[in-house]
Structure formats: C-alpha cells, structure tokens
Amino acid sequence: MIKRSIIQVRTTRVVAAVTVSLVLSCTVFAEKGKHGDGREMVEQKLGEKYKLSTFTPGRGPITTGTFVLVQKPGLEMVAAVTGLNATLPPTLSYQDGKLTKTGSKWSAIKNAALKDHLMPFDKGTALIITKIEAKEDHVAFDVVSADAVEGTFYRAAIRFEFGKGYLETPDMSRIESAIGGLFQIEKQEESKQTGPQQGTPQAAPAATAGRKRSASSTGPGACSARTCAGTLDPCLTASAARTSASAGATGRAS
C-alpha cells in the first residue's frame with residue numbers, strides 16, 4: 001500500500017512537471033508566432049546596418065564589424081573579464097534622447113548592485129556590437145568598448161525602448177532613427193585616419209572614472225579592436241611585444 005502511494009506521488013510529480021514544461025513551451029512558441037515575422041525583420045535589417053563583432057572575455061575581440069560612436073552622455077560599463085572578478089553587464093535604457101540606468105525593475109536592481117563596478121565613458125566613445133535582439137517592447141544591443149582601458153575591455157547592454165506592439169508592424173524608419181540618435185556609425189575613412197599609423201594604434205577613449213591610461217591602452221601595441229582582433233589575449237601579447245622591444249633596445253645600447 002505504501003509502495004503504491006509512493007509510485008502515485010512520483011507519477012503525479014512527473015505529470016505535473018511535463019505539464020508545466022508543455023505550458024511554458026507553448027507560451028514561448030505563441031510569443032514567437034505572435035511577433036515572429038516582425039522580430040525577424042527588425043533583427044535582419046539592423047544586422048545589415050550594424051555588422052556584429054565577436055568578443056571573448058579574457059581574450060578580446062576575435063572579429064570586428066561596425067564601429068559606432070556614442071552620441072549621448074551616460075554610458076557606464078563593467079570590465080569584460082572572466083573568473084572571480086566577472087560580473088553581469090549593466091543594462092542601460094535609451095529613450096527620448098536620454099541614456100539612463102533606469103528602465104525595467106530588474107535592470108534597476110541589477111545596476112544598483114553593480115554600482116561599485118561601473119566605469120563611466122565619455123560621449124564619443126567607440127563601441128563594437130556583439131548582439132542585437134528584438135524584444136517585445138525594446139531592441140537590445142550588447143556592446144563592448146572598441147579600445148581597452150588599462151588593458152581591459154568594457155561591456156554593457158543597451159535597451160532602445162519602443163513600447164509593446166511595435167513588432168506587430170515594425171516602423172524601421174522610427175527604429176533606425178531612435179538608434180541613430182545614440183549610435184553614429186564610424187565611417188571607414190574616419191577609421192582609417194584614426195587607426196594605426198606607422199605602427200602606432202589609436203589611443204583608447206578616456207574614461208571619466210579618474211583612472212589613468214596605462215601603457216597597455218595607449219601608444220605602440222595598444223589594445224584595440226581595430227588593431228588586435230583575432231590576437232590571442234591581445235593585451236598580454238601587446239605587453240609582451242613592448243617588453244621584448246624594450247629589452248632588445250637595452251641590449252643594443254649596452
């Protein structure tokens with residue numbers, strides 16, 4: 001009798017778990033079906049305009065796509081690192097021409113917990129984009145600093161708020177105009193002019209957190225998505241190259 005009761009309880013639990021799983025799956029599929037075409041179109045159009053980059057924390061940029069320059073103040077990011085010092089990136093909200101740390105309730109709570117890890121960046125900071133995702137009421141961009149500060153790249157997520165229902169009949173003109181208010185695409189000619197010249201990469205953008213730029217973020221061998229993409233741990237590689245060059249110069253001088 002006891003064994004039968006145990007079996008019945010276990011069977012009930014399994015059935016309940018399967019039911020919950022099916023309900024969640026149906027909800028997800030229903031949501032995708034509801035906005036599937038609109039979501040796919042928005043992501044495709046934005047992906048064509050803003051080419052994605054690939055980035056691995058602890059290693060750096062692997063491949064680079066479009067570079068964008070931030071046109072508004074308020075950008076704050078956390079170090080893109082691995083291990084015990086790794087943290088979730090902050091989620092910033094862009095709406096009505098303002099970039100803020102407020103937005104969804106979860107975003108506000110997460111950003112408050114990250115306050116001691118956030119570093120502010122100036123208007124004009126260059127970014128690469130690693131992910132674009134159209135959500136129910138916003139479009140999310142995952143971004144990484146194009147240049148390292150003190151040997152470290154920084155990252156954040158930015159929500160462009162459009163309100164529920166925008167995916168039913170997406171207005172790409174409105175969507176691209178809003179995103180363009182924050183992100184200015186860096187022209188290829190500008191990138192070439194500001195890029196490495198005679199072996200000297202562009203200096204990293206100055207952060208306003210009071211930290212000084214170290215040798216690994218400016219000068220020859222600086223860590224930049226423009227110059228070190230695809231290099232295994234570009235900051236350490238650049239540092240080793242500088243050390244080797246310095247040792248060689250010392251040896252020749254002696």
Contour minus Cα-Cα distance for Arg174 and Asp122 (0.36 nm per residue): 16.1 nm
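Among Glu76, Glu186, what is the fewest-to-most ranking by other Cβ atoms within 10 Å?
Least crowded to most crowded, the residues run Glu186, Glu76.
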Label-point separation (nm) for Ala86 and Thr100, each offset 7 Å from Cα along Cα-to-Cβ? 3.2
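Of Lys110/Lys164; Lys123/Lys187; Lys101/Lys135; Lys123/Lys164, which pairs sit farther than 20 Å apart, going by alpha carbon to alpha carbon?
Long pairs (Cα-Cα over 20 Å): Lys110/Lys164; Lys123/Lys164.
Read the figures in this text as sums done on the coordinates, not as results from a lab. No experiment lies behind these values; they were computed from the predicted model shown. Neighbour counts are summed over all protein chains in view; Cβ atoms, including those assigned to glycine, are modelled from backbone coordinates with ideal geometry.
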